[in-house]
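Working notes, beginning with the structure itself.
The values are calculated or read from the model by the stated rules, or taken from the named source; none is laboratory data. Quick caveat: nothing in here was measured; it's all calculated off a predicted structure. FYI the Cβ positions are ideal-geometry reconstructions off the backbone, even for glycines, and counts take in every protein chain you see.
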Amino acid sequence: MAATPQTLVSSLSSTRYSAGKFWTTRVGTFVLIAAFLYALQLFLTPNLGIYDMRILVNSLLYATLAVSLNLINGITGQFSMGHAAFYLSGAIISGKISSMYYKTAGVPGWLWLPLMVVVGAVGAALIGLLVGIPSLRLRGDYLAVMTMGFGEIARVIVINQDGGKQAFGGLDLGGAYGLQGVPKLTEMYHLLLLLIVAIALSRNLLKTAHGLSFLSVREDELAADATGVHSTRIKVTAFTIGAAIAGMAGALFAHYNRSVSPDDFKMDVSFMLVAMVVIGGTGSITGAVISGVSLKVLEEGLRALPGISATALYGFLIALIVTVLLAKQVFKRIEGPARVTFDKALIVPGLIGLGCALFGAYRLWGADMSVVIKVAFVVIALALNVAMLLPSSFRTALPKFGGAMVVLALAYGVSFGTQALLHKIAPLAAVLDPIKYQAADLRWAIFSLALVIVMLNRPQGIMSHQEFSWDFIKGIFGKKKAIGVAP
Amino acid sequence: MIALGYTMVYGVLRLINFAHGDLYMVGAYLAYYTSMVWFTKDSSHPFTVWLAQHPIVLLLVMLVIAMVGTAALGVTIERLAYRPLRKAPRLSVLITAVGISLFMEYAGRLIVQTSPQPSIVEEINPFAKSTVNFLGIQATTFSLIVMGVVAFLMVTLWFIVTKTPTGRAMRAVSHDFQTASLMGINVDKIIVFTFVLGSALAGAGGMLQATNYGTPLNTFFGVLPGVKAFVAAVLGGIGNIPGAVAGGLIMGVSEYLVVWLGYAGYKDAVAFLLLIIILLVKPSGLFGSVRDKV
Amino acid sequence: MNNKRKLTLATLVALIIPAAAILGGCPAKTETNGATSNSVSTSDTFVSTRPLPEATGNDATGDTIKIGMIASLNGENQPWGVDSKKGAELAVEEFNAAGGLDGKMVTLVVEDTQSKPEGGKSATEKLVGQDKVLAVIGEVASGITLQAADVCQEAGVPIVAVGATRVDLTEKGGHVFRACFTDNFQGAALAKYAYDDLKCRNIAVLTDRKLPYSTGLSEMFTKVFVSLGGKIATEEFYEAGNIDFKAQLTNIKSKTPDGLFCSGYFTEVGPIARQREQIGLNVPMLGGDGWDSTKLIDSGGSGIIGGCFMNHYHNSEKRPEVQDFVAKFTKKFGAEPATAMGALGYDATNVVLTALTSSKATNSMNLLKAIAQVKDMKGVSGVITIGPDGNAQKPALILKVEKGGFVAVKQVAFFEFKE
C-alpha cells in the first residue's frame, strides 16, 4: 500500500503555477472536450443500436462509479462497501422529483437534467455526510461492515416506500415494483461528461496539496494527524465527494433507464464496485476506469458464449488441472542455462498466442455481436500485444504467456482423452451426457473465476498505484531504450 | 451458529470470508443428499424402517457428513485462493473471497440442477414438530436440541481457543502472525485448523437450518445468512466466542421486536441499524474483541 | 486552510460552468415518450384501445424468423425462468417440425435476465436491438416484464408475458400481452373463494415485500375481500430469502384470524407452513400461483397439507392438450414440468406462433396486430383469447394440497372484477 516517493515527488513537482499557461490549457481542454462530445453526439450516437448504447452507458456509469469509489476506497483508504446506497439515493431522489414535476414544470429538458443531477448529487452527498460522520470513529473492517449495513438499510427503506401503511408519511417510491415514469433525458455524452468531470476532480485532487493529505490518511492516519492533517475532515470530504459523484451517476441512470427498481441496487452492486477499484489498482484512477469499463463489457460479452456439453466441460477442466499441475513441476525443474534456452523457446508460442488473439479479434469483427463489445475485444487484443511486445516486459512476460499458451494447447489436446474417459465410466456418463450447459449457465461462473484469477495473479491490481499519463508512457519507452542498449 | 464459524476464521485471519455463507449452503446440500440416499430408495427395506424409528441416527450422520464435507471444502478454498495471497493487500484477498463466493454460487448451480428446488422432507426430522414445555415456554424439541448443540459447540470452542496449546497458537497468529511464526508456530497449519473449525460450523449450521424449516435449497441460499452471521460476529466482538452467540441472539430478538412493533418490512434493515448503533457506541463490539482495538 | 478551500471551490465552479454550457449547447432531442401519447394507429383496420408504439418495428430478414425470449435463468426466479424457457423451446421445436412458416424456420433466442430488472432491460435491448427479433416472449416476473415492455415500446416489438400477473402491466401500451391471468382476476377469485367456500371472515395476509408480484396480489386480494364484507386481521411482511418467519406468524396468531393468505413464492411459503404448524397457528392457508411447484409438499411438510392456491392449469388435468403437453415435455426434458411456467411459456410462444401463421407477418408491428386478434387458441392452460386489454381470457383452477400431490377442487371461469 506504500506510495513510492517518486509518485509523491512527481505529483508535487508539477504544481509550479503560471497564470497564463494555466488558463490557456484549461480553456483549451474544455473546448476540446466540448468539441469531442459534440462530434460524438453528432456522428456516433445515431449509428448505435439500443443494445450497443446500453453497454456503453453501463460501462460509462460503472467507470464513473468506480472512480468515485476510488476516491473513498483507493485514495483515502476508507473501506466502503455501501456505494450502491449513494447511487440508489441519487437515482431515486432525482427520479422521484422528475416523475412528479417534469411534465408540469415546463422547464426544457436540457436544463432540467443538470438540475436533477445537482439534486441527486446534493441528496447523495447529504447521505454521504451522514455515513461519513460516524465513520470517523471506525476503521478498517468495522467501517466496511457499517457501510455495507448502510447500503442494505437504504435499499430496504426504499423497498418499503410504496405509499402503503409501512411507508414513512405515505411516501410512494414505487416499492419493489420500482419508480416509474421518469422522463428519458440522458444522452450518452452526459455520461461521458460526468466521467470526465469525475476523473478531472480526482486527478486534480491528487495533484494538489489536498491530495497529499488524502493519501497521507490512507498511508497512516496517526502520522497524518501528527503532521497537522485534519484526518477526520479529510475522510468526511472524501465520503461526501464520492457520494455526490455516485449520486450524479444515479440521477443520470434514472433518466436513462426511465425507472428505478431497488432490486438493481443490491449488495452485489457494491461488491462489484469494490472489485472494480481493487482490480484496477487501489488509488489508480486509470485502473478504476479500465476495470469499470472492461468488467461491464465482459459481463455482457459473455452472453455470446456458445453452449457446451457437460462432458466436454468437465473433460476440459480435468485436463486443464492435470496439465497445469504437471507443467508447474516441469517448469520448476528446469534451471540454469537450460532455463534461458527454454524461456527463449517459449517466446515462440507466446508470439503465436498473440497472433491468435489478433486473429480472434479479426474473426470476431465479422460476428453478429454488439459493436461496442467487438471494439472492446479488439482493443483488449491490441493492448495485450502492445503490452507483451514492449521490450521492458519482453523478457519475462512473453515466455510466461508462451508457457500459458503451451499449457492451454496441451490441455485442449488432453481433454479429448479425458472426455473419452468420462464416457467410459458408465454411471458418470449417464448423468453427464444429457446435460448441456447454455451460455447463461456459464456466464457468471466464468466471470467470477476471471475475478479470482486476476486477483491471484495481480493482487495489487492491474495498474497498482500508477496512473496513465504521458510520463507513464515515457517511462515505458524510456525503459525500452535502456534495455535495448543493455547487452 | 454460523456467526461462531465466522468469528473463528475472521478473528484469526482478519479476513472477511465471503465464502462462508456458501459453505453454509454446501452443508445444507450435503445434508439433503445424505437424506436422499436413505429416504428415496426403498421404504420397506429393514434398514430404512429401523432408521425411521431412530431418526436421531440419520440426523447425526447428516450432521457429520455436512461438517466433514464443508471442512474439506473450506481447507481447499484456503489452500487454493487465500494462501497465495497471504502477503497481498487485504482488499485483494477480500475481492478474491467475493469471487470465490460468486463462483461457488454459479458453478455450484451447474453441478446441482436446482430446478425444482429441493428441500429436506419433514419426516427426517420429527423433532421439529414435537413440542415440549420447557420452563413454561412452549418450544419445539428441535429448537432445544439446536440450543444444546450450540451451547456444546460454544463451550468446546471456547475450551480449544483458551485452554489448549493450539488455541494459544491461534490467538498468537491472530495477534500478529509474523511474530507468531518467529516464535516457532506453524502459521499455515494453524490457519488450516481454523478453517476446518470455521467451515465445519458453517456446514452444521446449514444442515440444522435446512432440516428445521425445510427451506428450499438453491445455491444462493447462503448469501443472506452469511452476511447476517458476519454482522452478528462483529456485534459480539470479533474473535469473542460467547460474544458471537450473544450477537446472534440479540439480532434475532431485535428482528422479532421490529416485527412485533408492526414494521416487518424493515426487518432486514434493523440488524444493520443495530450494528451501526453498537459500533458507534462501542466500536469493538458488544463484548469486546479478544484483541485490543485495532 | 481557507486558501485551499477556495481553490477546490474554484475548480468545482470552473468545471461546472462549462459543463452547463455544453449541456445547453448540444442539440437537445425532442421528447418522444410513447407512454404519454394517446394516438391510435389509424392506418390499419385494426384499432387498439391502448396506445400503440410509434415505431416501424423490426423486420425479419433471411430464411429464419427470430423470436426472442427473456427468462430468469439465474437468481431468485430461476425455477420459473428455466421452466418457461423449456416450454418455449418445446413450442418452437414443434412448430419447426411441422414445417415452420411456409418453410421458414423460427429460431428462439433466449437471454438471461438474472432475475434483475436492469438485467431484463439489457437482455431485451440485446434481443430487440441486436438480434432484431419479431416478438419477445417473457418474463415470469412482473417487475422485469415492465422494464422489458419499455424497451419493446420504443422498438415497436410485441411482448407476450409468460407469468407476469401484475395488473397495470398491460396498461403500458398496446404491445404488451400475456398468456397468464392477472392479479385482478386471481386476487378477486381467491378472495371470493376465501369468503364463499372457505367461509373466512377475518383473514391475515403475509406479503413478500421484495416481489412486486406479491405486493400487487395482496393489494388486490385485500381490496376484494373487504368489498365482500370480510375483514383483514393484519398484514405482515417478509423478504424473499428470509428463513425464519416465526416473528410474523406469532404476531398473526395474536390477532386470531381464521385464514392465512400468503401471496409469496413457494420458496418461502413452504417454510412458512412448517413454522405455522410449529407455533400452532391452525388456520387454512391460501395463496396465488407463486405456490406452484412440485416441491411445495417437501418444503411445506405437513403444515402445507390442506392449503389451497390458484393455478393456471394442473399436470394431472384430463384435457387432451394438457396430457399431450406433459407427455412431450417429459419426453424432451426427462421430467414433468415442475411449475406452471412450463405450460405458460409453451402457451405464450404458441400465441406468437399462431399470430405468425395467421398473418404471415415479417414485420413486428404487423405481428403485434395479429397477436391482439388471437382468438380461441387451444392452449395447455385453457382456451386463450387475447382480450382488448391484452390479457388472456381463460379459466383458472383452485388446487388443494394433499399428501400425494395437488388436487383440483374448483374451476373458476373468467370474469372481470368491477368495484
Limited to region A:268-278, what total is found for residues that are more than 7 Å from every other protein chain (Cβ to nearest Cβ) and either of a type in the set (Lys, Arg) or touching a helix residue (DSSP H, G or I) at 6+ places or on another chain (Cβ under 6 Å) (or both)?
-> 5
Scan region A:45-70 for residues that are among the aliphatic types (A, V, I, L, M) and closer than 28 Å to A:Leu201 by Cα and jot them down.
-> A:Met53, A:Ile55, A:Leu56, A:Val57, A:Leu60, A:Leu61, A:Ala63, A:Leu65, A:Ala66, A:Val67, A:Leu69
Selection from region C:307-348 of residues that are surrounded by 22 or more Cβ atoms within 10 Å (Cβ to Cβ) and touching a Lys or Arg at 6+ places or on another chain (Cβ under 6 Å) | C:Cys308, C:Gly342
Take region A:34-60 and flag every residue that is at pLDDT 85 or above and among the β-branched types (Val, Ile, Thr).
-> A:Ile55, A:Val57
Region A:149-182: number of residues that are in contact (Cβ under 8 Å) with a residue 60 or more places away in the chain and either touching a Leu at 6+ places or on another chain (Cβ under 9 Å) or charged (D, E, K, R) (or both) | 15
Which condition number in (1) at pLDDT 80 or above; (2) touching a helix residue (DSSP H, G or I) at 6+ places or on another chain (Cβ under 7 Å); (3) of a type outside the set (Phe, Trp, Tyr) is the one that A:Ala439 fails?
-> (1)
Could you please find all residues in region C:240-263 being closer than 11 Å to C:Gln275 by Cβ and hydroxyl-bearing (Ser, Thr, Tyr)?
-> C:Thr250
Taking the condition touching a residue at least 40 places away in the same chain (Cβ under 8 Å), polar (S, T, N, Q), within 14 Å of chain C (Cβ to nearest Cβ) and under 23 Å from B:Glu78 (Cβ atoms), does B:Thr219 pass?
-> yes
Residue list for region A:401-420, filter: out of contact with any helix residue (DSSP H, G or I) (no Cβ under 6 Å at 6 or more places or on another chain), surrounded by 15 or more Cβ atoms within 10 Å (Cβ to Cβ) and of a type outside the set (Gly, Ala, Ser) | A:Leu408
Looking only at region C:329-350, decide whether some residue is β-branched (Val, Ile, Thr) and touching a strand residue (DSSP E or B) at 6+ places or on another chain (Cβ under 6 Å).
-> yes
So, in region C:75-101, of the ones that are of a type in the set (Asp, Glu) and at the interface with another protein chain (Cβ under 9 Å from one of its Cβ atoms), which residue ends up nearest to C:Phe325 (Cα to Cα)?
-> C:Asp83
So C:Thr294, is it facing chain B (nearest Cβ under 9 Å) and surrounded by fewer than 21 Cβ atoms within 10 Å (Cβ to Cβ) | yes
Of all residues in region A:428-445, count the ones that are within 11 Å of chain C (Cβ to nearest Cβ) and either closer than 14 Å to A:Gly301 by Cα or in a helix (DSSP H, G or I) (or both).
-> 7
Is it the case that region C:59-75 has a residue that's charged (D, E, K, R) and either without any contact (Cβ under 8 Å) to a residue 60 or more places away in the chain or crowded, with 24+ Cβ neighbours inside 10 Å (or both)?
-> yes
Checked region A:38-55 for anything among the hydrophobic types (A, V, I, L, M, F, W, C) and crowded, with 24+ Cβ neighbours inside 10 Å; matches are A:Ile55
Among the residues listed as A:Ser309, A:Ser261, A:Ser284, the single one being touching a residue at least 24 places away in the same chain (Cβ under 8 Å), closer than 19 Å to A:Val197 by Cα and among the polar types (S, T, N, Q) = A:Ser284
Just to be sure, is A:Ser98 buried (at least 22 other Cβ atoms within 10 Å of the Cβ), away from chain B (no Cβ under 14 Å), of a type outside the set (A, V, I, L, M) and in contact (Cβ under 8 Å) with a residue 24 or more places away in the chain?
-> yes
Would you check which residues across region C:382-405 are of a type in the set (Gly, Ala, Ser) and surrounded by 23 or more Cβ atoms within 10 Å (Cβ to Cβ) and list them?
-> C:Gly382, C:Gly390, C:Ala392, C:Ala396
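Please tell me if A:Met388 is in a helix (DSSP H, G or I) and either modelled with pLDDT under 80 or polar (S, T, N, Q) (or both).
yes
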Of C:Phe225, C:Phe181, the only residue that is surrounded by 24 or more Cβ atoms within 10 Å (Cβ to Cβ) and more than 30 Å from C:Gly87 (Cβ to Cβ) is C:Phe225
For region C:303-382, list the helices (runs of 4 or more DSSP H) that sit wholly inside it and hold at least 3 residues that are closer than 22 Å to C:Asp183 by Cβ and at pLDDT 90 or above; which are they?
-> C:341-359
For region A:269-372, which helices (runs of 4 or more DSSP H) that fit wholly inside it have 3 or more residues that are aromatic (Phe, Trp, Tyr) and surrounded by fewer than 18 Cβ atoms within 10 Å (Cβ to Cβ)?
-> A:337-365
Set C:Val106, C:Val157, C:Val136: member being in contact with a strand residue (DSSP E or B) (Cβ under 7 Å, 6 or more places away or on another chain), under 28 Å from C:Asp292 (Cα atoms) and at pLDDT 85 or above = C:Val136
Return yes when A:Gly242 is under 28 Å from A:Glu187 (Cα atoms) and either of a type outside the set (A, V, I, L, M, F, W, C) or out of contact with any strand residue (DSSP E or B) (no Cβ under 9 Å at 6 or more places or on another chain) (or both) and no when it is not.
-> yes
Condition test on A:Leu193, is it facing another protein chain (nearest Cβ under 9 Å) and either under 23 Å from A:Leu32 (Cα atoms) or not in a helix (DSSP H, G or I) (or both)?
-> yes
Strands (runs of 3 or more DSSP E) completely within region C:132-221 that count 1 or more residues being in contact (Cβ under 8 Å) with a residue 24 or more places away in the chain, within 25 Å of C:Thr250 (Cα to Cα) and more than 13 Å from chain A (Cβ to nearest Cβ) | C:202-208
Is there any pair linking a residue in region A:44-58 that is hydroxyl-bearing (Ser, Thr, Tyr) to one that is at pLDDT 75 or above and not in a helix (DSSP H, G or I), with Cβ under 6 Å and at least six apart or on different chains, and which?
-> A:Tyr51/A:Ser370
The condition of being under 23 Å from the mean Cα position of the chain (by Cα) and within 14 Å of chain B (Cβ to nearest Cβ) holds, among A:Glu221, A:Glu152, only for A:Glu152
